[in-house]
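Asks: Attaching a single structure in structure tokens format; questions to follow.
The values are calculated or read from the model by the stated rules, or taken from the named source; none is laboratory data. Just so it is clear, the model here is predicted, and its values are computed rather than measured. Cβ coordinates were reconstructed from backbone atoms using ideal geometry, including for glycine residues, and neighbour counts include every protein chain displayed.
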Amino acid sequence: MIRQHREWESDPEAVSGQALTRFCNPGSARLGGDDTGLQKTPIKRSTPQRRVILEEIRKADSHPSADELYERVRRRLPRISLGTVYRNLETLVACGEIRKVGLGGAYMRFDATPTPHYHIRCSICGRVDDIDIPPLCPPDSQVETCTGYRVEGHELEFHGVCAGCATNRDRVDNTAESNLSRTNDV
């Protein structure tokens, strides 16, 4: 089952300044024992730009890139710069409010769900969605035993073709087959 991010829209605190002021001291996010896997520390300063960026990430039905977020945020804050968007994204990642999703794709994408979960990426259009299955356990301890590393976490990404691309591919295949049969009938 794929989980969309629409759940954030029903949580008024999630898109308010209160959610932002609760968390973040850049560079202090570490894996910890709470339910999110990260220890969160208060943000030193909540800005209107940071609030809008967080709102736009949480409204997204996929995992937007920084450039995609910049275009969305510019509709609301026309004078914001791309650099401001990047800096605020890094701050939100550092405090554990959002996650970077960088496996396998050409662009770094951002995820409004900071709790441990897996992703599936469309191999045609690059869309990334969450997969609503529990994290696999206990591969971290097995990896530590095999490698001698102290594992701080893991990420797993599945690859496939999203429904939209599958429909388009089927439409193209059916058109090609139809054209081929007409050519053979002549």
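Asks: Tally up the residues in the range 44-70 that are exposed (fewer than 14 other Cβ atoms within 10 Å of the Cβ) and in a helix (DSSP H, G or I), please.
Replies: 2
Asks: Can I ask one more? Of all residues being modelled with pLDDT of 90 or more and assigned to a helix (DSSP H, G or I) in the range 148-177, which is farthest from the chain's Cα centre (by Cα)? Just the residue, please.
Replies: Here the answer is 167.
Asks: Would you confirm whether or not the range 128-145 contains a residue that is surrounded by 15 or more Cβ atoms within 10 Å (Cβ to Cβ), part of a helix (DSSP H, G or I) and of a type in the set (S, T, N, Q)?
Replies: Scanning the range 128-145, I find no residue that is surrounded by 15 or more Cβ atoms within 10 Å (Cβ to Cβ), part of a helix (DSSP H, G or I) and of a type in the set (S, T, N, Q), so the answer is no.
Asks: Inside the range 73-111, can you point out the residues that are buried (at least 19 other Cβ atoms within 10 Å of the Cβ), of a type in the set (D, E, K, R) and not in a loop (DSSP other than H, G, I, E, B)?
Replies: 99, 109, 111
Asks: Restricting attention to the range 146-168, and to residues there that are among the β-branched types (Val, Ile, Thr) and surrounded by fewer than 12 Cβ atoms within 10 Å (Cβ to Cβ), which single residue is nearest to residue 96 (Cα to Cα)?
Replies: 147
For every residue, the table says whether it meets (1) modelled with pLDDT of 90 or more; (2) touching a Leu at 6+ places or on another chain (Cβ under 7 Å); (3) over 14 Å from residue 62 (Cβ atoms).
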{"position": "76", "(1), (2), (3)": "yes, no, yes"}
{"position": "83", "(1), (2), (3)": "yes, no, yes"}
{"position": "87", "(1), (2), (3)": "yes, no, yes"}
{"position": "97", "(1), (2), (3)": "yes, yes, yes"}
{"position": "105", "(1), (2), (3)": "no, no, no"}
{"position": "118", "(1), (2), (3)": "no, yes, yes"}
{"position": "129", "(1), (2), (3)": "no, no, no"}
{"position": "132", "(1), (2), (3)": "no, no, yes"}
{"position": "141", "(1), (2), (3)": "no, no, yes"}
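Asks: Still on this structure, I have one more. Inside the range 109-133, can you point out the residues that are closer than 22 Å to residue 165 by Cβ and touching a helix residue (DSSP H, G or I) at 6+ places or on another chain (Cβ under 7 Å)?
Replies: 110, 122, 124, 125
Asks: So how many residues does the range 77-109 have that are closer than 13 Å to residue 50 by Cβ and either aromatic (Phe, Trp, Tyr) or in contact (Cβ under 8 Å) with a residue 12 or more places away in the chain (or both)?
Replies: Summing the residues that are closer than 13 Å to residue 50 by Cβ and either aromatic (Phe, Trp, Tyr) or in contact (Cβ under 8 Å) with a residue 12 or more places away in the chain (or both) in the range 77-109 gives 15.
Asks: Return the residue satisfying two criteria in turn: it lies in the range 114-126 and is in contact with a strand residue (DSSP E or B) (Cβ under 6 Å, 6 or more places away or on another chain) and assigned to a loop (DSSP other than H, G, I, E, B), and of such residues it is surrounded by the fewest Cβ atoms within 10 Å (Cβ to Cβ).
Replies: Ranking the candidates gives 123 first.
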